[in-house]
Amino acid sequence: MKIKLHSWPIFALLINILISSYIPLEAMEVNKPTVAASPFKSSAKRHRGLVQQGEEEYEVLVKPCISLGQSCTAEVSKLINEADEFVVSFMYRMNSPNIINSLASKSNQTPVITFLDYAQSIGNSSYHQYVKRLIDIVPTSLVKLGSVSFHHKVVISKKQGQEAIVVIGSANATFESENVHSEDMVFIQSNKLANVLLKQYHKLFTMKVKEKEQTVKIYHEHRLNKGESNTEKLQEFRSKLLETDTGSLLEGYAKASITALALSTGFASTGGSKRCFEILESIFNAENQALFLFENFFTLKAAIDLVNKSDAAKLIILDRDRNNESILPLLRRQPKNMVGMFTPYTLGKFHHKLIIQYPYEGDPILYTGSFHPSESAVANNSELIIGIKSAELPFQCLASIMEQSGLGEDLTVWKFLNLPEASFILENDRIKAVIDKAYARALYKMGAYLEKYQRILDSLSSINRELPMETLEGQFANFDHLSTDDQLEQLYEWNKLINTSVFKPYYQSILREKLKNLAKVLEIPPLAEDAYWTRYLMNMGEWITQAKEQLKKIRKGLVPLKGEFEKNRQEDEEEEEAEPEEEPTFSKEDFKRIHSEIGEIEIFYLLLKDAHNYPEEFKEIRQLAITINKAYSQLITLNAGK
């Protein structure tokens, strides 16, 4: 067939359309959307967000899940796998293989849609490879609320004949949220809640705002149905929430009620940026006996003012982040605020956005969601917060966080629980179990220091064979019979022995010369001397790190070896006639010898460092044990009073 010249542009356009339709998603650019944004409707209305509080409460069924001990992503995956009417998620970030695979499997049988934050989903990092895979296999839309972040963490799942289950909490659907960070989420069975949220998200995605640069754009990268908007499917999902659906008491669920719900748009022009903050105001303005605040960030000045005006006893535990450090003095101005910073044992984030409110009257209320009291959460994010009234849910979450993140070994927490205003919390059975475990753990740790010093002194006896081992054996045997005060004194005595009888003789006879020789060969500064023992150990650790890094560079040829390793210095000095200078060489034997000597020095350093730190560690654990034991005494007094 011959193609006429004048028809070529149309033909080329058709070919281009056909080719582009067959380009696999993996081959497309990932630094920008692959589709145009949904057209803006002239009928769109402004949306001021949502705030519900002080209205009629409604009953729901709830079950909590806390990370670092409970497999929360597995619970969400199970929920997705059991759905047969629809699954829709609204997420800031998503890279959990469990959840992505469950969504992919379910999307072949059941309507599934994921809405992700636009800015978090565009890029070339390893995280974005998960997003690409998700878009490739699951209907997905990217949410761009102008310059506002879509910071939500919500999943709604519906099974035929049963009320929908809504998952809300601090956790993104990520690997880190499950395995690294301390997180919370609550599973809530309620058609009413699901209906409210679907309606609000539809309003958010179709709203108009005053600022031109803040236009809401939804990019339907993978549509559920060809040619149809994923946003409009939210309305269709609402029609599947039937009055005939049952809220059966599922395993692990308990009765509760929703007392507050807010969704902020992030847009100041519509008045929708402070909806979540309004809930915060109502919490601190209420008559409260005690408040627990576990927050990833707490940097909002207006929130700090609210906290400081409240006379309730408050435990405020913040993630150990530099953004939080500067506000600690501000929070500590109020005597009723007990404030601490915390890092989970995994060294991840204390990522909660959790408030537990114990009013003077009625059951406690747990607040969770994506909202934390920070400037960005009010000015730059669309957020969600929910309040759930339950006699048991707050205690479940508090006990699980203390046990699973390591917070139960934090002295600040136990000091707070010993306050008269907070002592009623000790009477809860879940908290009693935490007391037992935390106290037993503290006693075990204190007892372990005997074995630690035995290991250190046994190792150091090979350096100085004149150590009084018989005397030490007697002290080891008597250690468990000492009071904790005497045990601490014994640790200090052992440290003094290590310094005077091991370190000083070894340093003067061997170590000083080794350090000098190695510094010369590796061409690094010598170890800085310091009369202050703590600083000397710090300098020694830094020197070892520098020596190891330099040795790596020499091995890779990145740094030329200019010095010469002194294999037998005395023999060289006795030579009568100096040999001609040759280019220094670095043999495998030299490398092994230098590596071995640095390793020996590092082992010696680690033994000294451990011994130096142990008495202070022991003192801290002893203080923790004393404070927990005081909680025991409080509990006995409370029970006796009854």
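The values are calculated or read from the model by the stated rules, or taken from the named source; none is laboratory data. All values derive from a computational prediction rather than experimental measurement. Note: ideal-geometry Cβ built from the backbone for every residue, glycine included; neighbour counts use all protein chains shown. Note: areas computed on protein heavy atoms with side chains; ligands, DNA, RNA excluded. Shrake-Rupley method; radii C 1.70, N 1.55, O 1.52, S 1.80 Å.
Cβ under 12 Å from CYS276's Cβ, CYS276 left aside: what net charge do those residues give with Lys, Arg +1 and Asp, Glu -1? Charge balance near CYS276 sits at 0. In sequence order, the range 348-354 has phi-based couplings of x, 8, 8, 8, 5, 10, 10 Hz under the Karplus curve 6.51 cos²θ - 1.76 cosθ + 1.60, θ = phi - 60°, and Gly or Pro positions carry x. Which residues does a label at GLU236 reach in the range 169-205, if reach means a backbone N under 20 Å from a point 7 Å past the Cα toward the Cβ? What the label zone holds, given the 20 Å backbone N cut-off, is 194-205. For MET341, nonlocal amide neighbours, meaning residues 5 or more places apart or on other chains whose placed amide H falls under 5 Å from its own, are LEU318. For the range 367-382, the Karplus equation 6.51 cos²θ - 1.76 cosθ + 1.60, evaluated at θ = phi - 60°, returns couplings of 10, 8, x, 8, 7, 10, x, 10, 4, 5, 5, 8, 8, 10, 10, 9 Hz by residue, with Gly and Pro reported as x. ASN308 sits among other residues whose Cβ lies under 13 Å from its own Cβ, and their net charge, with Lys and Arg +1 and Asp and Glu -1, is +4. Multiplying the residue separation of SER105 and ARG465 by 0.36 nm and removing their Cα-Cα distance gives an extension gain of 122.9 nm.
Given a Förster distance of 35 Å, report the FRET efficiency between GLN454 and GLU549 from their Cβ-Cβ distance, rounded to the nearest 0.05. The value I calculate is 0.55.
Report for the chain the percent antiparallel among DSSP-assigned beta bridges with both residues inside it, nearest 5. Antiparallel bridges: around 70 percent, rounded to the nearest 5.
Most tightly packed first, judged by the mean number of other beta-carbon atoms within 10 Å of their residues, the peptides 408-417, 289-298, 612-621 read 289-298, 408-417, 612-621.
Scanning the chain for cysteines with no neighbouring cysteine C-beta under 4.7 angstrom from their C-beta gives CYS276, CYS397. By its C-alpha gyration tensor, with a ≥ b ≥ c as the square roots of the eigenvalues, how is the range 365-424 shaped: rounded for a/c under 1.5, else prolate for a/b larger than b/c, else oblate? Prolate, since a/c reaches 1.5 and a/b exceeds b/c. For the chain, a crude dipole built from +1 on the beta carbon of Lys and Arg and -1 on the beta carbon of Asp and Glu, taken about the Cα centre, is about 3900 debye to the nearest 20.
When the range 458-525 is described by a simple charge dipole with +1 on each Lys and Arg Cβ and -1 on each Asp and Glu Cβ, the residue from ALA477, GLN487, SER509 located farthest towards its positive end is SER509.
Net charge in the neighbourhood of ASN324 (other residues with Cβ under 12 Å of its Cβ; Lys, Arg +1, Asp, Glu -1) is -1. Please determine, in degrees from 0 to 90 and to the nearest 10, the orientation of helix 588-641 with respect to the longest principal axis defined by the Cα atoms of the chain, where the helix direction is its Cα long axis. Roughly 60 degrees, rounded to the nearest 10.
Note on ASN639 and PHE424: the model spin-label points, each 7 Å out from Cα along the C-beta direction, lie 2.0 nm apart. A simple packing score, the average count of other Cβ atoms within 10 Å per residue, orders the peptides 313-320, 539-546, 463-470 as 313-320, 539-546, 463-470, with the highest score first.
Relative to the longest principal axis of the Cα atoms of the chain, helix 469-478 runs at roughly 40 degrees.
For the set SER423, SER71, the ranking by accessible area, highest first and with no ligand, DNA or RNA atoms included, is SER71, SER423 under a 1.4 Å probe.
When only the Cβ of Lys, Arg, Asp and Glu is charged (+1, +1, -1, -1), the dipole of the range 184-256 relative to its Cα centre reaches about 360 debye. Shape verdict for the chain, please, from the Cα gyration tensor: rounded (a/c under 1.5), prolate (a/b greater than b/c) or oblate. Oblate is the answer for the chain, as a/c is 1.5 or above yet b/c matches or exceeds a/b. A cut-off of 5 Å between modelled amide H atoms, ignoring neighbours fewer than 5 places along the same chain, links ALA171 with ASP184. Can you give the angle from 0 to 90° between the axis of helix 512-522 and the longest principal axis of the chain, with both taken from C-alpha atoms, to the nearest 10? Result, in degrees: 50.
When you count the other C-beta atoms within 10 angstrom of each residue and take the mean per peptide, 192-198, 126-132 line up highest first as 192-198, 126-132. Under a 5 Å amide H cut-off, with hydrogens placed 1.01 Å from N, PHE86 pairs with LYS158 among residues at least 5 apart or on other chains. Indicate the gyration tensor shape class of the range 85-214 (rounded, prolate or oblate), computed on the Cα atoms with a ≥ b ≥ c the square roots of the eigenvalues: a/c under 1.5 is rounded; otherwise a/b larger than b/c is prolate and the rest oblate. Taking the square roots of the gyration eigenvalues as a ≥ b ≥ c, the range 85-214 is rounded.
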